[in-house]
Amino acid sequence: MDPTSPDVQRELTRRHKAAATTVLGLIVAIILLSIVVYLGKPYFAELESRPIDYAFLILVLILGLGAVALRRTKFNPARLQDIAGLGGASGLIRSLEKTTLQIAILAAGIAAIGFVATLMTGQEFYTYRSTAVAILVLAYCYPTKSSWKRAVERYTNPNEAPVAPEFPTSPDAGV
């Protein structure tokens, strides 16, 4: 299917809008968690806990770096080219949306971990730190329509079919 066809452009617009709206909604939800913690600060009983400190730091670090690694892996050019070859423009757009949503949900999980740690210890800095990391992850995965459009045009362009490698021919090639 031609990447400039109206059907492909409509699907690209629809899926991009859905992914961007979801990412923006999660940013608002994460900020609201911080506001809830700020307003609820007088109601928390503080508890000092080193195991929770270490668990929180390790989990946020692993999930934050994991989100970056996941995005780099899923948006690998060779992988996107294979997806476009098998599923066409529609399959590529679905993959872009799915990956963006997976990373956004991972960011929401980071914020939720901070919120739970705050509820367990009464220390609000867990939520604030995890909110900062989650917003960075969401900003990193925010889908720009122009990048999606370039990806669709690049990987589904029928004029640029991959060239088959040439193998040397010799009289013994059939042996």
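The values are calculated or read from the model by the stated rules, or taken from the named source; none is laboratory data. These numbers were taken from a predicted model, which means no experiment stands behind them. Note that we place each Cβ from the backbone using ideal geometry, even for glycine, and neighbour counts take in every protein chain shown. For the accessible areas, the whole protein counts, side chains as well, though only heavy atoms, and no ligand, DNA or RNA atoms are used. Shrake-Rupley method; radii C 1.70, N 1.55, O 1.52, S 1.80 Å.
Taking every protein chain into account, the accessible area of the chain amounts to 61 square angstrom per residue (probe 1.4 Å).
Structure remark: mean-square fluctuation, Gaussian network model of the chain, C-alpha springs under 10 Å; the largest value among ILE93, ILE103, ILE58 belongs to ILE58.
What's the carbon and sulfur percent of the chain's accessible surface, probe 1.4 angstrom, rounded to a whole number? In the chain, the share of accessible area belonging to carbon and sulfur is 65 percent. Lysine pairs in segment 1-156 whose alpha-carbon atoms fall under 29 angstrom of each other, counting only those eight or more residues apart or on distinct chains, come to 9.
Taking P(r) over Cα pairs in 5 Å bins from 0, in percent straight from the coordinates, which label in (i) 1, 7, 14, 18, 19, 16, 11, 6, 3, 2, 1, 1, 0, 0; (ii) 2, 10, 13, 11, 9, 8, 8, 7, 6, 6, 5, 4, 3, 3, 2, 1, 1, 1, 0, 0; (iii) 1, 8, 15, 14, 13, 10, 9, 8, 6, 5, 4, 2, 1, 1, 1, 0, 0, 0 is the correct one? Working out P(r) over Cα pairs in 5 Å bins from 0, in percent from the coordinates points to (iii).
Neighbours of TYR140 by Cβ distance under 15 Å: Lys/Arg scored +1, Asp/Glu scored -1, total +3. First measure r as the distance between the Cβ atoms of LEU39 and SER146, then evaluate 1/(1 + (r/R0)^6) with R0 = 30 Å and state the FRET efficiency to the nearest 0.05. Efficiency computed from Cβ-Cβ geometry: 0.20.
Under Stokes-Einstein, with the Kirkwood radius over Cα pairs as Rh, the value for segment 76-142 at 10 °C and 1.306 mPa s is 118 µm²/s. Overall, the anisotropy analysis places segment 1-93 in the oblate class: the square-rooted eigenvalues a ≥ b ≥ c of its C-alpha gyration tensor yield a/c not less than 1.5, with a/b not exceeding b/c.
Packing around the peptides 145-154, 45-54, taken as the average count of other Cβ atoms within 10 Å per residue, puts them in this order, highest first: 145-154, 45-54.
Within the listed set LEU119, LEU86, LEU70, the residue fluctuating most in the Gaussian network model of the chain (springs between alpha-carbon atoms under 10 angstrom) is LEU86.
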